[in-house]
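Reading through the structure tokens given below for one structure.
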Amino acid sequence: MTDPPDPTALAADLREALRPLWRRFGEHRTLSMGKTGIMASLERHGALAATDLAARERISHQAVANAIRELADLGLVSRSPDPGDGRRTLVTLTDAGRERLVSERAAGQEWLIHAVADGLSESERATLAAAVPLLRRLGPEDVR
């Protein structure tokens, strides 16, 4: 039996393994990962205030405010007063925003499909499939 991997070394290896994948996805995107993340949060959770988005995305309120302004200028989100608290503004994903989010998510998907289908054996694909739930558990909403 082998010793379990060192978490520090494993984290470094994982980061280095994922870096080229993220770069490849980024080549095909038209929006930043931050803006896409904000839109995905709005899709998942519905209308949210900028402060709530900042907390969910773990970025500064100022960065969220700038992103919201840019997304609103593109017609991808709308802003409206919070009916429960008139001092707050809620941000909502528009229909155009939903469509754009679908296209952003699909950006670069074809090369990944081919890479998985052509570059991995059946057993390697099964191993990769088994790793997906673990990778999801490492996501920002689950790690405290």
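The values are calculated or read from the model by the stated rules, or taken from the named source; none is laboratory data. Just so you know, these numbers come straight off a predicted model, no measurement behind them. Positions of Cβ are generated from backbone atoms using ideal geometry, with glycine treated the same way; all protein chains shown enter the neighbour counts.
If the condition is being more than 23 Å from Glu99 (Cα to Cα), in a helix (DSSP H, G or I) and either in contact with a Pro (Cβ under 9 Å, 6 or more places away or on another chain) or not small (Gly, Ala, Ser) (or both), then the range 53-75 contributes His61, Gln62. If you go through the range 39-81 and keep only what is touching a residue at least 60 places away in the same chain (Cβ under 8 Å) and surrounded by fewer than 16 Cβ atoms within 10 Å (Cβ to Cβ), you end up with just Arg58.
Looking at the structure I just gave you, is Thr8 of a type in the set (Ser, Thr, Tyr) and surrounded by 17 or more Cβ atoms within 10 Å (Cβ to Cβ)? It is false that Thr8 is of a type in the set (Ser, Thr, Tyr) and surrounded by 17 or more Cβ atoms within 10 Å (Cβ to Cβ). Taking the numbered list (1) in contact with a Pro (Cβ under 7 Å, 6 or more places away or on another chain); (2) not assigned by TED's automatic domain parsing to the domain that holds Met33 in turn, Ala129 passes all entries but (1). Checked across the range 52-75, the condition of being small (Gly, Ala, Ser) and at pLDDT below 90 holds for no residue. Taken over the range 98-111, residues that are of a type in the set (A, V, I, L, M) and either in contact with a strand residue (DSSP E or B) (Cβ under 6 Å, 6 or more places away or on another chain) or modelled with pLDDT of 90 or more (or both) amount to 2. Check the range 13-24 and report whether any residue there is within 26 Å of Leu134 (Cβ to Cβ), surrounded by fewer than 18 Cβ atoms within 10 Å (Cβ to Cβ) and touching a helix residue (DSSP H, G or I) at 6+ places or on another chain (Cβ under 7 Å). There is at least one residue in the range 13-24 that is within 26 Å of Leu134 (Cβ to Cβ), surrounded by fewer than 18 Cβ atoms within 10 Å (Cβ to Cβ) and touching a helix residue (DSSP H, G or I) at 6+ places or on another chain (Cβ under 7 Å).
Per the conditions (1) touching a strand residue (DSSP E or B) at 6+ places or on another chain (Cβ under 7 Å); (2) more than 18 Å from Arg44 (Cα to Cα); (3) in a helix (DSSP H, G or I), the sole criterion not satisfied by Arg88 is (3).
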